[in-house]
């Protein structure tokens, strides 16, 4: 009488069903993953680059407008004609420049130009071709403004 272990037979059948993948199936799966993964990674890289450019443009516009408003107030208060420039705090490679031009002797009108720019070549000078945000406005000389400021 032969005594067979039924569990052993079942284990053999399960082991046969769990046989590994063939080399051809592995190559096909790898190819499909590569075809999908490469464009997805390119899309992620491009979206990060565009996000960084958008964030920089937003910083430049916000800071330039802020400096313009600041110099409107300074100029209206004491008819200050001094220019201003320097780095944008907490953002390496970003700078600003504010220029003021009296529109004519005794005209009582000052043109203020505020430029925030990305100093690509780190020469502390705004060069053409560097990404920038420029805002221009005019302020009138008014005795009431000067009196309020004093």
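The values are calculated or read from the model by the stated rules, or taken from the named source; none is laboratory data. Please read all numbers here as calculations on a predicted model, not as lab measurements. A quick note on method: Cβ atoms are made from the backbone with ideal geometry, for glycine too, and the neighbour counts reach across all protein chains shown.
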| note | Pairing a residue in the range 41-60 that is over 23 Å from residue 96 (Cα atoms) with any residue that is modelled with pLDDT of 95 or more and not in a helix (DSSP H, G or I), where Cβ atoms lie under 6 Å and the two sit 6 or more apart in sequence or on different chains, gives none
| field | Selected residue [at pLDDT 95 or above, surrounded by 11 or more Cβ atoms within 10 Å (Cβ to Cβ), touching a strand residue (DSSP E or B) at 6+ places or on another chain (Cβ under 9 Å) and closer than 30 Å to residue 140 by Cα] from 72, 96, 126 | value | 96
| request: Kindly indicate the residue of the range 81-92 that is surrounded by fewer than 14 Cβ atoms within 10 Å (Cβ to Cβ) and touching a residue at least 12 places away in the same chain (Cβ under 8 Å) and also nearest to residue 121 (Cα to Cα) among those meeting that condition. | output: 83
| In the range 95-150, what count of residues is obtained for those that are in a loop (DSSP other than H, G, I, E, B), more than 19 Å from residue 59 (Cβ to Cβ) and touching a helix residue (DSSP H, G or I) at 6+ places or on another chain (Cβ under 9 Å)? | 3
